[in-house]
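The values are calculated or read from the model by the stated rules, or taken from the named source; none is laboratory data. Note that the coordinates shown come from a computational prediction; the quantities given were computed from them, not determined experimentally. Cβ placement follows ideal geometry from the backbone for every residue including glycine, while neighbour counts extend to all protein chains displayed. What goes into the accessible areas is simple: the full protein's heavy atoms, side chains included, and nothing from ligands, DNA or RNA. Shrake-Rupley method; radii C 1.70, N 1.55, O 1.52, S 1.80 Å.
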Amino acid sequence: MPRSTVARIDLQALRRNYLAACSRAGGAQVMAVVKADGYGHGIGPVAAALDGLAPKFAVACLEEALAIRDAGLQQSVVLLQGVHAGGDLADCEQGGFEPVLHSVQQVEWLERSGKRPAVWLKVNSGMNRLGFHPGDLPSVVARLQAMGVDHKLLGFVTHFACADDPDSTMTAEQTSVFERATAPFPGRMKSVGNSAAHFLPGQPLYDWSRPGIMLYGGSPLVGKTGPELGLAPVMSLEAPLISTRVVPAGESVGYGGSWVADRNTRMGMVAIGYGDGYPRHAGTNTPAAINGRRIRLIGRVSMDMLAVDLTAAPEAREGDSVELWGQTVCVDEVAACAGTISYELLTGITARVRRQYR
């Protein structure tokens, strides 16, 4: 019999969060970002749950787009990294995928391939990862025109570096750069809005917004949790309590003896660890919950187990389910304790944790 360690996925909560993104998108349409296996929730079930709501999906790469087709869905799919080889353009044309071109090499592949999928161009507005310099856009568009495919140019995208910080001026600066760069090409669509941009007052989202983490209930803003932003948790990570004991005052628990009981303490072992994707750096005082009561981790997280202090849940018994994050404990809280972000936690849950959908 397998462990009862499970990630329960609430697809209705996913749909509610998508509608929340729509309500914040102004006049923009909303493409659902389902890359990284639907942020760890399962790209097939996630995309299927949004079928009928989301008119377009966005992924990082071709294999993720193909997974959406394997799920039987026919929406257009934007490839945010474009293609990684010239031969991928045939798959894009056949599959109805829309690669985002960000380099001269990708434009050369398009010239040589003879394939003509619909494309977007990425503008480097200041993040300096991918994209064409604003001053290079006219020459790139001219090359598309020379190929006779400028009608396949859907529009322009950029990505914000600091939208998670409402006090940063960089998002406004990037928006200004993007507007100036795309002004010579009226009639083309524009897309700039990651999840965080949906929460910035007055931020234009143009034609298409691209929410990701907010769809899954995680916060895109520094210092805020998903519930504080009105987002519903989609994943509840749960594992069984497999052992309990009283640790006498002065004795330690786990590797390195990093936690020492200052009094006789009832503790429990939970069947989950960093081998399941739970963060190893989540140490003592990281919150968890059992039977709706908040408890705390103690000591170091092991590969397959972690220890919890059961003082606040005296009724807890072996076999009870421990929530590592979900309805009672927000994933953003756990991320903060582990020195990371909810994106990493959600996408890091390994294959040995069953996904259960409702």
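Roll a 1.4 angstrom probe over the protein heavy atoms and tell me the percent of accessible area of region 77-212 that is carbon or sulfur.
C and S atoms contribute 50 percent here.
If you take every residue apart from Gln29 with its C-beta less than 9 Å away from the C-beta of Gln29, what net charge results, scoring Lys and Arg +1 and Asp and Glu -1?
0
With no solvent and one equal point scatterer placed on each C-alpha of region 1-136, evaluate the Debye formula and give log10 I(q)/I(0) for q = 0.19 Å⁻¹, two decimals.
For region 1-136, the Cα-only Debye profile gives -1.10.
How big is D for region 122-239, in µm² s⁻¹ as a whole number, if Stokes-Einstein is applied with the Kirkwood radius of its Cα pairs at 4 °C and 1.567 mPa s?
Translational D for this selection: 82 µm²/s.
Could you work out the mean projected area of the convex hull around the alpha carbons of region 258-357, in square nanometres to one decimal?
Quarter of the Cα hull surface area: 6.4 nm².
Can you bin every Cα-Cα distance in region 174-271 into 5 Å intervals starting at zero and give me the percent of pairs per bin, rounded to whole numbers?
Cα pair-distance distribution for region 174-271, in percent: 2, 10, 13, 12, 8, 8, 10, 9, 6, 6, 6, 5, 3, 2, 1.
Order 102-108, 8-14 from most to least packed using the mean count of other Cβ atoms within 10 Å.
8-14, 102-108
Could you work out how far the C-alpha centroid of region 3-28 sits from that of region 93-155, in angstrom?
For region 3-28 versus region 93-155, the Cα centre distance is 32 Å.
Write down the accessible area per residue of the chain in Å², having rolled a 1.4 Å probe over the full set of protein chains.
Using a 1.4 Å probe on heavy atoms only, each residue of the chain averages 42 Å².
Please give the calculated 222 nm ellipticity per residue for the chain, where each DSSP H segment of at least 4 residues contributes -39500 (n - 2.57) and the sum is spread over every residue; nearest 500 deg cm²/dmol?
Value at 222 nm, helices only: -7000 deg cm²/dmol.
Using the per-residue mean of other Cβ atoms lying within 10 Å as a proxy for protection, in what order, highest first, do the peptides 248-257, 55-64 fall? Provide the component values of the computation, followed by the final result.
Numbers: 248-257: 12.7, 55-64: 19.4.
Per-residue mean Cβ counts within 10 Å order the peptides as 55-64, 248-257.
Ignoring ligands, DNA and RNA, how do Phe178, Phe185 rank by accessible area with a 1.4 Å probe, largest first?
From most accessible down to least: Phe185, Phe178.
Long-range amide H contacts for Ile295: which residues qualify at under 5 Å (H placed 1.01 Å from N, peptide plane, sequence gap of 5 or more or a different chain)?
Ala288, Ala289, Ile290
Once the convex hull of the alpha carbons of the chain is built, what does its volume come to per residue, in cubic angstrom?
Hull volume normalised by residue count: 144 Å³.
What does the C-alpha gyration tensor say about the overall shape of region 62-167? Classify as rounded when a/c is under 1.5, otherwise prolate if a/b is larger than b/c, or oblate.
Because a/c hits 1.5 or more and a/b fails to exceed b/c, region 62-167 counts as oblate.
Please give the direction-averaged projected area of the C-alpha convex hull for region 1-51, in square nanometres with one decimal.
Convex hull of Cα atoms, orientation-averaged projection: 4.4 nm².
Would you please give the FRET efficiency between Gln145 and Glu173, computed as 1/(1 + (r/R0)^6) with r the Cβ-Cβ distance and R0 = 25 Å, to the nearest 0.05?
Taking R0 as 25 Å, the efficiency between Gln145 and Glu173 is 0.25.
Quick one: net charge of Gln356's neighbours, Cβ under 12 Å, K/R +1, D/E -1?
+2
Listed highest first by mean packing, meaning other Cβ atoms within 10 Å per residue, what order do 288-299, 187-198, 344-355 come in?
Those peptides, ordered most packed to least, come out 187-198, 288-299, 344-355.
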